[in-house]
1. Residue check: is residue 171 outside any helix (DSSP H, G or I), within 20 Å of residue 200 (Cα to Cα) and touching a residue at least 12 places away in the same chain (Cβ under 8 Å)?
2. Return the only residue of 146, 212, 159 being within 15 Å of the ligand (Cβ to nearest atom) and of a type outside the set (Phe, Trp, Tyr).
3. Pull up the stretch 188-204, narrow it to residues that are surrounded by 21 or more Cβ atoms within 10 Å (Cβ to Cβ) and away from the ligand (no atom under 16 Å from the Cβ), then point me to the one that is nearest to residue 39 (Cα to Cα).
4. Within the stretch 108-167, can you find the residues that are small (Gly, Ala, Ser) and either surrounded by fewer than 21 Cβ atoms within 10 Å (Cβ to Cβ) or without any contact (Cβ under 8 Å) to a residue 12 or more places away in the chain (or both)?
5. Determine whether the stretch 83-94 contains at least one residue that is at pLDDT below 95 and in contact with a Lys or Arg (Cβ under 9 Å, 6 or more places away or on another chain).
6. What pairs come out if I take residues in the stretch 210-236 that are more than 18 Å from residue 50 (Cα to Cα) and pair them with residues that are within 8 Å of the ligand (Cβ to nearest atom) and small (Gly, Ala, Ser) whose C-beta lies under 6 Å away, six or more apart or interchain?
7. Limited to the stretch 178-187, what total is found for residues that are buried (at least 21 other Cβ atoms within 10 Å of the Cβ) and either among the small types (Gly, Ala, Ser) or within 15 Å of the ligand (Cβ to nearest atom) (or both)?
8. Taking helices (runs of 4 or more DSSP H) that fall entirely within the stretch 53-147, which contain at least 2 residues that are of a type in the set (Gly, Ala, Ser)?
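The values are calculated or read from the model by the stated rules, or taken from the named source; none is laboratory data. Computed from a predicted structure; not experimentally measured. All Cβ positions, even for glycine, are placed from backbone atoms using ideal geometry, and neighbour counts span all protein chains on display.
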Amino acid sequence: MYSYTDLSGQIYVKFAHFQQKIHIFRDMTKKERYKRVIEYFQENMPVAETELHYANPYELMVAVMLSAQCTDKRVNMITPAFFRRFPDSEALAAATIEEIFEHVKSCSYPNSKAKHLSGMARKVILDYKGEIPSSPEELMTLPGVGRKTANVISLVAFGRPAMPVDTHVFRVSARLGLTTRARNPYAAEVQLVRHFPEPLLPLAHHWLILHGRYVCLARKPKCDVCGLSGICLYYNSGSKKSWDSGFRSHV
Ligand code: SF4
């Protein structure tokens, strides 16, 4: 009898705790959720910036274009020699695609990247007087530059408000409940830009990327060491598989 009471009491306490948790997660407003996430990162990751090495908008553009489907580490191995040989858009525009290929052949998709880099540099010379433009709209006119790359350049090189959404940002923001039913990166971008205070966008972008890269991994997130598990919808949901299949198909 005693053990039954004890057991039922434990179950009740656990159930009440679970109910309370569910209550907290479901009733937490978007504003509160963002506040908690911002406070966490401000305390635990006060400095967050790109791991790509660059000295000016041109170099960042090249590095970001090379980083598609390639690690930042690999890109940082390629760019020093690349920038010595092609120090600006003019030098790059004057080079042949074959010569550019020789400098980028150790990263993924070197053929298409060499073509895009050449096309980008030529258009920058022709249409923008050799200067990398700053607005996402202008940046997206350059060959090989999509919305995500344009937002990265605009945000990181020029400090303009933007939220580039890559696979890490998309996944982490969905798991934490910063986005709701965002079916594609653009939908996530709109929600994130709406809720993060504008001055924090550059930091927030890197917070989410770095958290996704080192803690909230796609297949095996390190929830046991994650300081955000207390408010994480994914961690506290019972259907992790459906979460994963949901966003993998969109990014
Ligand atoms: S608790 Fe797990 S799923 Fe949630 S943000 Fe942290 S690592 Fe990602």
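1. On the way: outside any helix (DSSP H, G or I): no; within 20 Å of residue 200 (Cα to Cα): yes; touching a residue at least 12 places away in the same chain (Cβ under 8 Å): yes.
Here the answer is no, as residue 171 does not meet what is asked.
2. Working: 146 fails: within 15 Å of the ligand (Cβ to nearest atom); 159 fails: within 15 Å of the ligand (Cβ to nearest atom).
None of the other options fit; the residue is 212.
3. Step one: of the stretch 188-204, the residues surrounded by 21 or more Cβ atoms within 10 Å (Cβ to Cβ) are 188-189, 192, 196, 204.
Still in the running and away from the ligand (no atom under 16 Å from the Cβ): 189, 196.
Working: 189: 21, 196: 12 Å.
In this case the residue turns out to be 196.
4. Step one: of the stretch 108-167, the residues small (Gly, Ala, Ser) are 108, 112, 114, 118-119, 121, 130, 134-135, 144, 146, 150, 154, 157, 159, 162.
Listed by number, the residues that qualify are 108, 112, 119, 130, 134, 135, 144, 146, 157, 159.
5. Step one: list which residues in the stretch 83-94 are at pLDDT below 95, which gives none.
Scanning the stretch 83-94, I find no residue that is at pLDDT below 95 and in contact with a Lys or Arg (Cβ under 9 Å, 6 or more places away or on another chain), so the answer is no.
6. Taking only residues 6 or more apart or on different chains, the pairs are 223/229; 235/229.
7. Restricting attention to the stretch 178-187, the residues satisfying the condition of being buried (at least 21 other Cβ atoms within 10 Å of the Cβ) are 178-179, 182, 185.
Add one more test, that the residue is either among the small types (Gly, Ala, Ser) or within 15 Å of the ligand (Cβ to nearest atom) (or both), and what stays is 178-179, 182.
Within the stretch 178-187, residues that are buried (at least 21 other Cβ atoms within 10 Å of the Cβ) and either among the small types (Gly, Ala, Ser) or within 15 Å of the ligand (Cβ to nearest atom) (or both) number 3.
8. Working: elements: 57-66, 72-85, 89-94, 97-104, 110-128, 136-139.
Because the criterion is at least 2 residues that are of a type in the set (Gly, Ala, Ser), the helices (runs of 4 or more DSSP H) in the stretch 53-147 that meet it are 89-94, 110-128.
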